[in-house]
Amino acid sequence: MDIGKKNDIITVKIEDLSEDGSGIGRLDGYIWFIKDAVIGDTVEAKIMKTKKSYGFARLLQVLEPSDKRTEPLCPVARQCGGCQLQAMTYEEGLRFKENKVFNHLKRIGGFENLRFVDEEGSGEAAPGSRTIPFYRIMGMEDPWRYRNKAQVPFGLNRGGEIVTGFYAGRTHAIIEQEDCLLGAEENRRILAIIKNYMRENHISPYDEDTHRGLVRHALIRKGFRTGQLMVCLIINGRKLPAADKLVPALRELDGMTSISYCINTEQTNVILGREIVDLYGPGYITDYIGNVKYRISPQSFYQVNPRQTEKLYGTALEYAELTGTETVWDLYCGIGTISLFLAQKAARVCGVEVVPQAVADARANARLNGFDNVTFFEGKAEEVLPREFEENHIHADVIVVDPPRKGCDAACLDTIVKMAPRRVVYVSCDSATLARDLRYLCDRGYALEKVRCCDMFGWTGHVETAVCLTKPDAEQDMEVI
Ligand code: SAH
């Protein structure tokens with residue numbers, strides 16, 4: 001079979017989408033991956049790289065557009081690469097995401113009885129039937145401007161003017177883009193104020209190649225519920241000159257609450273340095289997810305889409321079915337967002353997290369909200385849980401896990417099985433490892449009860465999922481009692 005060689009032009013009909021949202025087409029059984037092509041398109045593409053059974057080609061032009069195709073709203077969507085799904089409608093993007101999870105659970109997890117359920121409750125499995133409902137994904141009401149955090153690099157363009165934007169591919173060249181459509185409206189004005197201040201005070205942007213120049217990044221955060229704004233300039237130096245010119249200009253914006261700079265003189269890709277100097281305000285902003293209050297400093301982790309986080313963690317809370325008497329473990333708890341949601345309805349919550357700063361933030365958030373029924377353990381879930389189980393004979397009615405992409409460690413899953421909680425709620429950002437871990441638990445006595453996805457990162461290929469597992473024996477025991 002002659003598949004062609006590098007730089008040849010091919011014409012392909014796109015039939016499917018890959019995990020990362022690239023179009024997939026076939027020619028004589030050979031598979032082509034073509035970024036930015038949409039299911040249903042017929043495209044002309046240039047061959048970039050070929051392997052034995054598949055290859056990659058670059059989209060040149062869409063010959064016949066798919067009815068799922070839409071013009072990306074962002075003018076630099078293709079160059080930026082941050083949004084993989086902007087060439088299709090938001091609805092189609094949602095279908096792509098839930099189908100991905102659905103197929104992983106079937107293929108990798110072997111859950112053949114999953115069925116899409118259109119509305120909450122309708123079509124729910126009848127008692128005794130083994131159908132597992134897969135509820136429709138929770139999409140965003142407005143899929144634009146959902147990110148509460150922006151980290152924007154500064155540089156010079158060819159004409160020597162100060163610009164902000166994003167790094168093109170793997171290079172250090174900055175592509176100018178002042179207004180990412182996923183970010184807050186205010187970002188544009190804040191960046192204009194900073195650039196103006198730099199020009200007027202002869203302050204140079206940082207140059208990664210020479211390690212010279214001062215301003216590296218601007219970190220901007222907004223509390224969507226409170227309207228509070230934070231600006232932190234990350235600088236390659238110990239002092240920000242003419243700060244007295246910058247502060248009043250930024251304070252013209254409604255909601256400006258915290259202005260600071262962060263010292264990072266290292267030659268590194270890590271954005272933030274360790275030391276923060278406050279120029280105005282208390283050093284943090286405040287925001288809410290549900291009824292829980294969070295104090296957010298430049299270094300704190302905080303979910304970037306708080307509205308969808310509330311829906312996802314609200315679903316996790318609903319799946320936990322708490323009555324107020326339970327002991328709940330929240331593994332991989334981060335800054336305790338889920339723990340504090342659970343603490344509103346449980347007798348006791350124990351969180352486990354490996355990053356010390358996140359544990360400190362989690363404890364501070366618990367105090368800030370007056371919860372005295374939460375305890376945080378610092379360490380790896382797969383070490384803390386077995387240790388507490390074997391040495392301190394801890395007990396759990398419900399265990400919630402929200403692991404990173406690689407999923408749960410087997411030692412962690414084994415301990416969950418031994419502890420035999422009535423319910424396990426699994427929140428996941430990677431449906432392949434989710435499917436693997438669910439299979440592990442279901443081979444050891446658990447039953448998959450229901451599944452629901454949530455779109456936290458619209459226009460990107462990422463999708464979050466919450467699932468509920470029950471221990472059938474435990475449920476029956478309960479009913480008998
Ligand atoms: N629900 C959390 C976010 C979870 S993200 C929140 O809203 O804050 C996954 C978390 O797992 C991260 O905070 C990461 O630091 C932590 N983590 C990664 N590996 C871990 C391990 N082996 N044991 C415990 N925590 C771990």
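A few remarks follow.
- Test result for GLU388, open to solvent by 40 Å² or more (accessible area, probe 1.4 Å), at pLDDT 95 or above, out of contact with any Lys or Arg (no Cβ under 7 Å at 6 or more places or on another chain) and over 23 Å from GLY314 (Cβ atoms): no
- Boolean, VAL384 is closer than 30 Å to SER297 by Cα, in a strand (DSSP E or B) and within 13 Å of the ligand (Cβ to nearest atom): no
- Condition check for THR315: in contact with a Lys or Arg (Cβ under 6 Å, 6 or more places away or on another chain) and either assigned to a helix (DSSP H, G or I) or within 14 Å of the ligand (Cβ to nearest atom) (or both): yes
- The test for being open to solvent by 10 Å² or more (accessible area, probe 1.4 Å) and not hydroxyl-bearing (Ser, Thr, Tyr) holds for ILE193.
- Tally, over region 391-413, of residues that are open to solvent by 40 Å² or more (accessible area, probe 1.4 Å) and over 21 Å from SER428 (Cβ atoms): 4
- From ALA343, ALA362, residue being away from the ligand (no atom under 11 Å from the Cβ), within 23 Å of ARG423 (Cβ to Cβ), within 24 Å of the chain's Cα centre (by Cα) and crowded, with 23+ Cβ neighbours inside 10 Å: ALA343
- Test set (1) basic (Lys, Arg); (2) surrounded by fewer than 20 Cβ atoms within 10 Å (Cβ to Cβ); (3) touching a strand residue (DSSP E or B) at 6+ places or on another chain (Cβ under 9 Å) - ARG221 fails condition number: (2)
- Index of the failed condition, CYS408 passing every other in (1) in contact with a helix residue (DSSP H, G or I) (Cβ under 6 Å, 6 or more places away or on another chain); (2) among the hydrophobic types (A, V, I, L, M, F, W, C); (3) within 10 Å of the ligand (Cβ to nearest atom); (4) without any contact (Cβ under 8 Å) to a residue 40 or more places away in the chain: (4)
- Selection within region 167-190: residues that are buried (at least 18 other Cβ atoms within 10 Å of the Cβ) and of a type in the set (A, V, I, L, M, F, W, C). The member of this set that is farthest from ILE220 (Cα to Cα) is ILE174.
- Yes/no for THR226 being farther than 29 Å from ILE174 by Cα, in contact with a Gly (Cβ under 7 Å, 6 or more places away or on another chain) and at pLDDT 95 or above: no
- Subset of region 416-430 [open to solvent by 10 Å² or more (accessible area, probe 1.4 Å) and either of a type in the set (Gly, Ala, Ser) or under 22 Å from VAL354 (Cβ atoms) (or both)]: VAL417, LYS418, MET419, ALA420, CYS429, ASP430
- Flag for PRO248 being in the same structural domain as HIS172 (by TED's automatic domain parsing) and either among the acidic types (Asp, Glu) or surrounded by fewer than 13 Cβ atoms within 10 Å (Cβ to Cβ) (or both): yes
- Residue in region 290-300 that is part of a loop (DSSP other than H, G, I, E, B) and open to solvent by 70 Å² or more (accessible area, probe 1.4 Å) present: yes
- Count of residues meeting criterion [within 16 Å of the ligand (Cβ to nearest atom), open to solvent by less than 10 Å² (accessible area, probe 1.4 Å) and outside any strand (DSSP E or B)] in region 432-461: 3
- Restricting region 36-52 to residues that are of a type outside the set (A, V, I, L, M, F, W, C) and in contact (Cβ under 8 Å) with a residue 40 or more places away in the chain, the residue that is nearest to THR460 (Cα to Cα): ASP36
- In this structure, LEU59 does not qualify as part of a loop (DSSP other than H, G, I, E, B) and not small (Gly, Ala, Ser).
- Among the residues here, ASP287 does not qualify as closer than 23 Å to MET456 by Cα, outside any loop (DSSP other than H, G, I, E, B), within 9 Å of the ligand (Cβ to nearest atom) and at pLDDT 95 or above.
Table: residues versus (1) basic (Lys, Arg); (2) buried (at least 19 other Cβ atoms within 10 Å of the Cβ).
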position	(1), (2)
VAL12	no, yes
ILE39	no, yes
GLU44	no, no
GLN79	no, no
TYR90	no, no
ARG107	yes, no
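- Given (1) within 9 Å of the ligand (Cβ to nearest atom); (2) assigned to a loop (DSSP other than H, G, I, E, B), number of the condition THR325 does not satisfy: (1)
The values are calculated or read from the model by the stated rules, or taken from the named source; none is laboratory data. Keep in mind that what you see is a predicted model, and the values were worked out from it rather than measured. FYI the Cβ positions are ideal-geometry reconstructions off the backbone, even for glycines, and counts take in every protein chain you see. These accessible areas exclude ligands, DNA and RNA; they are computed on the full protein's heavy atoms, side chains included. Shrake-Rupley method; radii C 1.70, N 1.55, O 1.52, S 1.80 Å.
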